[in-house]
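Every read-out reported here was derived from the displayed coordinates using simple, explicitly stated rules and does not represent laboratory data. Bear in mind the structure is a predicted one, so any value in this text is a computation, not a measurement. Every residue, glycine among them, receives a Cβ derived from its backbone with ideal geometry; neighbour counts consider all protein chains shown.
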Amino acid sequence: MKLREIFVSAESIFRFFREIIRQTFQPPVEWREVLRQCYAVGNKSFFLVGFTAFLAGVVFTRQSRPSLSSFGAESWLPSLVSQAVVRSLGPLITGLICAGKLGSNIGAELASMNVTEQIDAMEVSGTRPFSYLVVSRVIATTFMLPLLVVFADLIALYGSFLTVKLINNTSFEAYFNEVAGSIMYLDIFSSVIKATFFGFAIGFISTYAGFHSGSGTAGVGRAANAAVVTSMLFIFIIDLLALQFINLFR
Amino acid sequence: MSFNLSKTAQGTETNNADLVMRIRNLKKSFGDLQVLKGVSLDLHSRENLVILGRSGTGKSVLIKCIVGLIRADEGEIDVLGYGVRTLSTEKLNEVRMQLGFSFQHSALYDSMTVRQNLEFPLKRNRGIFNQSELNELVITALQDVGLEQTAAKRPDELSGGMRKRIGIARTLILKPKIMLYDEPTAGLDPITSTEINDLILSVREKYNTASIIITHDISCARQTSDRVMALVNGLAQAEGTFAEVKATRDPELAPFFNY
């Protein structure tokens, strides 16, 4: 890529970002479409996020138990699992699943609309497609990701509890008392904030890829691919930056 | 707002009290390729202007410049008294609502039914959410294009000709003053093409629209035009009635008509 193309792309990304921010805070916001997209985002990812989080809780608990047992620290299992789930596993699993599922969906949908001139059709009829198609999706992913992360955390912890119960017959109260005692408000707060950034990144990257897709069916494929790969990459980058930042407060 | 006098692309002075569009010296390049090299045209009230030309001569670029989908490099575009090139986005959207744009491939929203496609601009541009009012407007628009039975269908259940008609109905529902048709008969069989040509004429009668029809289809040009402008290599090569343009001995145009 030539230096000039890099600058042109950077300028295009900046303008897209600025337009999202401007139209988010400038009425009229498409609240009907935002709600519809929130429902779509939640509905599309709900089951997959829940199922994956449950499995992650079970697997992490089963893998951690032998190590802790060898040190005679099996009672720390709820504490270890809860901190791992809330601080890292829950947001990361949810972010990656949503990057794959929502990123490909949004990227391909908008690219397909772009290729078939549907976005142009909205533009020429004066219906502000940017606000309708882009801003509504970015708001929806930004708001829904934290909710999905909280849901994923709870399901993962429940999966962990069932695993422990099967082995040690631990009660629900005992397990979750231990969990509640080991999680700080900072853990929950940082997890939610991190998820908000994940959601914005997924929405922003996917809509940008879709809106700026190349022509033809190849363009749709490339847009979907770029949406998923770039979203996943940025989730890890945000996770790393968030970790560095949060450690300042621990 | 009105215009006083203008010249046609060939330089003839005309009375322009009923002028709805005026384009002067429009230029557009993509990289090193100059697609429009100084196109000028006038469009009068209730007039059907056909812009005829081979593929790649800049016809579609021209109408996309008119609606602001493509930004022209130079020249004037006055639509209904507004200089499109200098308008703010908000003002441009107001002007766009008075223009109907029929896309070459219809550009129907494929995640919506036909009814939802037609309701979409009403809800978003006119703020109409009353279902009985929406029903009445949708059914009227569908009746005007002869497809009232398709309201519940999805675009992928429709034939190419039906999709074109629904695309036209979606633009008509906002009662535009000017219609822009991009290759309205492209990819259609001769019978369906004739039906679309008839529809273009009936739209003018019912809605009192002026129209620009972009086409390379000679029969479409003959059937729908009041005036024809032949675009060759980004320049208006000839202008007049269909018979006048056909009679020109321009070596670039003659094979086109004799094909």
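Quick notes on this structure:
- Angle between chain A longest axis and helix A:172-182 axis [Cα atoms, degrees, rounded to 10]: 70
- Solution diffusion estimate, µm²/s, Stokes-Einstein, chain A, Kirkwood Rh from C-alpha pairs, 4 °C, viscosity 1.567 mPa s: 66
- When shorter helices are ignored and each DSSP H run of at least 4 residues is given -39500 (n - 2.57), the per-residue value for chain B at 222 nm works out to -9500 deg cm²/dmol.
- Convex hull volume of the Cα atoms of the protein assembly as shown, normalised per residue: 185 Å³.
- Cα gyration tensor category, rounded, prolate or oblate, for region B:213-259 with a/c compared to 1.5: rounded
- Taking a ≥ b ≥ c as the square roots of the eigenvalues of the alpha-carbon gyration tensor, region A:78-226 is classed prolate because a/c is 1.5 or more and a/b outweighs b/c.
- Cα-based helix-to-principal-axis angle, A:3-24 vs chain A, degrees rounded to 10: 80
- When the convex hull of its Cα atoms is projected in every direction, mean area for region B:9-104 (nm²): 6.8
- Structure-based [θ]222 nm, chain A - -39500 (n - 2.57) summed over DSSP H runs of at least 4, per residue, nearest 500: -29000 deg cm²/dmol
- Direction-averaged projected area, Cα convex hull, region A:104-151: 3.5 nm², rounded to one decimal.
- Peptide packing for B:215-226, A:211-222 was compared via the average number of neighbouring C-beta atoms within 10 Å per residue; ordered from the highest value, the list is B:215-226, A:211-222.
- With Cα atoms defining each centre, region B:97-153 and region A:172-238 are spaced 36 Å apart in the structure.
- For region A:1-110, the Cα-based Rg and Dmax, in that order, read 20.9, 61 Å.
- For region B:165-210 versus region B:215-252, the inter-centroid distance based on Cα atoms is 19 Å.
- Here the Gaussian network model covers chain B, with springs between Cα atoms less than 10 Å apart; of B:ASP144, B:ASP198, B:ASP189, B:ASP189 fluctuates the most.
- Two-decimal log10 I(q)/I(0) for region A:139-207, as the Debye equation yields it once each C-alpha is a single scatterer, q = 0.12, 0.25, 0.29 Å⁻¹: -0.42, -1.02, -1.18
- With θ taken as phi - 60° and the Karplus curve 6.51 cos²θ - 1.76 cosθ + 1.60 applied, the whole-hertz 3J(HN,Hα) list for region A:163-170 is 5, 5, 5, 4, 8, 10, 6, 6 Hz, x standing for glycine and proline.
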